Number of protein chains: 2
Amino acid sequence: MDFKLVPIGEVCSPFKSCSDVPRQAEDWLPPVKIKIYEEYLRGLHRLKTGQVLYILSWLHLADRKMLEVHPRGDRSVPLHGVFATRSPHRPNPIGLHVVTLKELKEDGIIVHPLEAIDKTPILDIKPYKLHWPRGDEKRA
Amino acid sequence: MDFKLVPIGEVCSPFKSCSDVPRQAEDWLPPVKIKIYEEYLRGLHRLKTGQVLYILSWLHLADRKMLEVHPRGDRSVPLHGVFATRSPHRPNPIGLHVVTLKELKEDGIIVHPLEAIDKTPILDIKPYKLHWPRGDEKRA
């Protein structure tokens with residue numbers, strides 16, 4: 001089976017290193033551009049400004065060997081399995097972001113808010129679907 | 001850059017082929033087991049029954065060359081770019097599912113609802129975070 005990803009684009013962000021970028025998407029973040037490579041631009045057809053999207057990114061600086069972490073790097077919080085956290089460090093470091101599409105450009109899209117460093121590879125874009133919690137569900 | 005995924009587990013489902021499985025997660029679906037491979041089980045530490053989770057799967061039967069599709073296979077709907085749809089056919093066929101964790105097992109988890117065929121590779125598990133739409137957002 002072929003488990004090889006192809007980047008469809010990359011983030012153009014003012015944040016150049018991990019220490020610059022906030023851990024969570026926050027409203028004060030500037031909109032950022034996702035440059036989509038020419039061969040994938042046709043895949044953007046019929047996206048609309050204002051739409052809410054999932055962006056899947058490849059967290060290329062992650063440590064893929066980690067299976068337990070202190071959430072948010074806080075050592076006073078006991079170790080959690082990485083699948084019980086949103087840590088970038090995990091076997092497949094795929095970042096999942098919910099953004100609003102602010103503008104369609106000839107060579108990509110402008111989205112907000114996206115907490116990702118410059119040149120982060122982008123893997124996929126999907127329309128967001130709101131999930132209404134059922135009665136028996138707990139949030140993390 | 002290393003763009004190679006590692007499957008962390010696989011779906012054990014009564015649905016054995018694409019034509020068996022519904023296109024959307026639906027409430028009547030039976031709970032299914034995700035078997036997690038032994039070397040990744042530690043990553044489940046502190047997950048809790050009732051939690052809402054994202055499951056990322058690898059849609060191994062997808063056509064990765066498609067960039068436009070008729071949504072839901074309905075030819076009366078005009079072509080859309082794949083990034084404006086939830087079609088499994090896309091350059092990186094990563095499936096995104098929102099499920100409730102029903103039970104923790106020694107070798108995996110039982111979740112509901114998951115629309116995936118038997119032996120679908122699993123890439124990642126993340127806690128779900130509810131996204132409250134802002135005033136200027138449209139849903140797809």
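The values are calculated or read from the model by the stated rules, or taken from the named source; none is laboratory data. Keep in mind that this is a model prediction, so the values were computed, not measured. As a convention, Cβ positions derive from the backbone with ideal geometry for all residues, glycine included, and neighbour counts pool all protein chains shown. Only protein heavy atoms, including side chains, enter the accessible area calculation; ligands, DNA and RNA are left aside. Shrake-Rupley method; radii C 1.70, N 1.55, O 1.52, S 1.80 Å.
Evaluate the following for B:ILE117: is it surrounded by 13 or more Cβ atoms within 10 Å (Cβ to Cβ), β-branched (Val, Ile, Thr) and modelled with pLDDT under 95? The answer is yes for B:ILE117.
Against the numbered list (1) open to solvent by 10 Å² or more (accessible area, probe 1.4 Å); (2) facing another protein chain (nearest Cβ under 10 Å), A:PRO31 comes up short only at (2). So B:ASN92 clears everything in (1) more than 8 Å from every other protein chain (Cβ to nearest Cβ); (2) touching a strand residue (DSSP E or B) at 6+ places or on another chain (Cβ under 9 Å); (3) among the polar types (S, T, N, Q) except one condition, right? Which one? With (1) more than 8 Å from every other protein chain (Cβ to nearest Cβ); (2) touching a strand residue (DSSP E or B) at 6+ places or on another chain (Cβ under 9 Å); (3) among the polar types (S, T, N, Q) applied to B:ASN92, the lone miss is (1). Screening B:VAL99 against (1) open to solvent by 40 Å² or more (accessible area, probe 1.4 Å); (2) farther than 12 Å from A:GLY43 by Cα leaves a single unmet condition, (1). Under 8 Å by Cβ, and 6 or more places apart or on different chains, what pairs join a residue from region A:1-17 that is within 10 Å of chain B (Cβ to nearest Cβ) with one that is acidic (Asp, Glu)? Final answer for the pair search is A:ILE8/A:ASP124. Residue count for region A:68-94 satisfying the condition of being surrounded by fewer than 17 Cβ atoms within 10 Å (Cβ to Cβ) and over 17 Å from B:TYR128 (Cα atoms): 8.
Conditions (1) over 12 Å from the mean Cα position of the chain (by Cα); (2) farther than 20 Å from B:TYR54 by Cα; (3) within 7 Å of chain B (Cβ to nearest Cβ); (4) at pLDDT below 95, marked per residue:
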site: A:TYR40; (1), (2), (3), (4): yes, yes, yes, no
site: A:LEU56; (1), (2), (3), (4): no, no, yes, no
site: A:LYS65; (1), (2), (3), (4): yes, yes, no, no
site: A:PRO71; (1), (2), (3), (4): yes, no, no, yes
site: A:GLU103; (1), (2), (3), (4): yes, yes, no, no
site: A:ILE109; (1), (2), (3), (4): yes, yes, no, no
site: A:HIS131; (1), (2), (3), (4): yes, no, yes, yes
